[in-house]
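As structure tokens, the structure follows; a few thoughts come after it.
The values are calculated or read from the model by the stated rules, or taken from the named source; none is laboratory data. Keep in mind it's a predicted model, so treat the numbers as computed, not measured. Cβ atoms come from the backbone with ideal geometry, glycine included; neighbour counts cover every protein chain shown. These accessible areas exclude ligands, DNA and RNA; they are computed on the full protein's heavy atoms, side chains included. Shrake-Rupley method; radii C 1.70, N 1.55, O 1.52, S 1.80 Å.
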Protein chains: 2
Amino acid sequence: MTTQPLSRARIVAAAVELIEREGADAVSMRRIASELGVGVMSLYNHVPNKGALLDGVAESVLSEIEFTDDPEAHWADRVRMQARAFRQIAHHYPRCTMLVVSRQLHSHAGLLPVERALATLRSAGFDGADAVRVLRLFIAFIVGSLLREVGVTPAFAPGRSSTIDPEEVDPELFPEVSALSELLGSCDHEAEFAFGVELFVQAIAVHPARREGTR
Amino acid sequence: MTTQPLSRARIVAAAVELIEREGADAVSMRRIASELGVGVMSLYNHVPNKGALLDGVAESVLSEIEFTDDPEAHWADRVRMQARAFRQIAHHYPRCTMLVVSRQLHSHAGLLPVERALATLRSAGFDGADAVRVLRLFIAFIVGSLLREVGVTPAFAPGRSSTIDPEEVDPELFPEVSALSELLGSCDHEAEFAFGVELFVQAIAVHPARREGTR
DNA sequence: GGGGGCGACGTACACCGTACGTTCCTTGGA
DNA sequence: TCCAAGGAACGTACGGTGTACGTCGCCCCC
């Protein structure tokens, strides 16, 4: 049996798999090459450099988003669906998500979500400029949320997930933090995300820049 | 003249200065040591490892936030002030901001902003659980915003700031993106941030979980 | 005066990204 | 059928990285 030839797609896939298995720090050209049973420099026949490889990883993950957009649905439900779609890939590729949000990619892979979101906001009654503004705001929220959700598990250790040790914070200096330390320590990301989406939807529903009366 | 002795503070300060001058990629133990006119391993007498040094950088930058909180002011104004305070350090230390938002630090340096924010939200009429929820949402927005603002200038090149080349996007596939490419290409971060803050303030002002009637 | 501890240092190792030159295998044309 | 050409895989090498470890000199306190 002959092993199938190297290709950019196989390299990117190996990188994704390695990142999810051992974290982004484990990624090196040598490591990926050995993972594929191949010499290090052979990778450079398909990928110009490491940065481009990581871009490929981000692009690959991003392109797996499943958009089941229904133009007939209410805009609020479409916003909810698109937000869920984003978060689902973060659930599927938690370690890669950091790459997606930290590398800004100039490719066209990230354009489809933008297109869908803009269409949704236009149908919600925003003009072009306000649609862009609102979209930027929403993306900021999503990126910030995913970053917290992912960043809280750098070593994927559920045990020490608590960021705040209630015993170590001085109740005199930080009364609120101290009183709420239990709530601050644990976080239901699912509920937190849904809460944010709902508040966002409700906020733009009443926004003055929106023209009412669209389907 | 005798050079003043090495110290954790001097090392962190040199790192901050180097990051702002040449970017986070330029940071290496050897580089910082030579910057201080010192041997590489001498650094390890004051800093356990590079990760701790970067944590120190994040902590240092974060601790420079100037909170001029006025408990007598309206809660909405207090939210605006605190948001501005956050964004100002991003303006002051643009390259370091990525570190602050990407490393989650277990130290107590980040606790003061949390304390102030929670107090503000409590005074706005939220109970503990909702204050934490709203705070998490707000932090997500701020982090996402700063990340975009900083990430758009990795090499600090104002020329190629445009992420989207209008000529390269197919109007058939992406009509909205194509039509709004000019708006998508440029971004007034200041206005964008203010827009988000206002929408956030207005959203929580009408939120059902908030109890009205506080000063 | 002497001893102990600490801070600066140099060396060494394993690993990183990648520029460059070599080898082999496949494939198109005569 | 043979040969030339090109691409793909490879090995070597260079400069850089983080840091473990052993050594040396200075200062302070007893």
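Brief remarks follow.
- Inter-copy spacing of B:GLU212 label points, which lie 7 Å from Cα along Cα→Cβ, given in nm from shortest upward: 2.0
- Considering only the Cα atoms of the stretch A:8-47, their convex hull presents on average a projected area of 2.4 nm².
- Using a 7 Å projection from Cα along Cα-to-Cβ, the label point at A:LEU173 is separated from the same position in the remaining copies by 5.4 nm, smallest value first.
- Bins of 10 Å from zero: percent of alpha-carbon pairs in chain B: 7, 27, 27, 22, 14, 4, 0, 0
- Carbon + sulfur, % of accessible area of chain A - ligands and nucleic acids excluded, 1.4 Å: 55 percent
- Net charge contributed by nearby residues that have their C-beta within less than 11 Å of A:HIS46 (K/R +1, D/E -1): +2
- Largest accessible area first, the listed residues B:HIS74, A:HIS46, A:HIS207 line up as B:HIS74, A:HIS46, A:HIS207 when surface is computed with a 1.4 Å probe on the assembled protein chains.
- Dipole orientation for the stretch A:11-152: of the candidates A:PRO113, A:GLY128, A:LEU43, A:LEU43 has the Cα lying most toward the positive pole (charges on Cβ; Lys, Arg +1; Asp, Glu -1).
- Based on the reciprocal of the average 1/r between different C-alpha atoms, the Kirkwood radius for the stretch B:36-87 equals 13.8 Å.
- Threshold 20 Å², the stretch B:188-214 residues less accessible with all protein chains present than alone (1.4 Å probe): B:GLU192, B:PHE195, B:LEU199, B:GLN202, B:ALA203, B:VAL206, B:HIS207
- Amide hydrogen neighbours beyond the local backbone of B:HIS74, cut-off 5 Å, H modeled: none
- Magnitude of the charge dipole for the stretch B:8-47, about its Cα centre and with charges confined to Cβ atoms of Lys, Arg (+1) and Asp, Glu (-1), is about 200 debye.
- Kyte-Doolittle mean at least -0.5 and Cα axial length at least 15 Å: DSSP H helices in chain A: A:8-22, A:50-63, A:111-123, A:128-151, A:189-205
- Close amide H partners of A:LEU36, meaning residues 5 or more places away or on another chain with modelled amide H under 5 Å apart, do not exist here.
- Efficiency of FRET between B:GLU212 and A:HIS92 - r from beta-carbon atoms, R0 60 angstrom, step 0.05: 0.90
- Kirkwood radius for the protein assembly as shown, taken over all pairs of different Cα atoms as the inverse mean of 1/r, rounds to 23.5 Å.
- At 1.002 mPa s and 20 °C, Stokes diffusion of the stretch A:1-105 via Kirkwood alpha-carbon radius, µm² per second: 142 µm²/s
- Interface area, B with A, accessible, probe 1.4 Å, both sides summed, Å² nearest 100: 4800 Å²
- Inter-copy label distances at A:LYS50 (7 Å, Cα→Cβ; nm, one decimal): 0.9
- Distance between the pseudo-spin-label points of B:GLU64 and B:ASN49 (7 Å out from Cα toward the beta carbon): 2.7 nm.
- Whole-number percent relative contact order across chain B, with pairs defined as alpha carbons under 8 Å at least 6 apart: 19 percent
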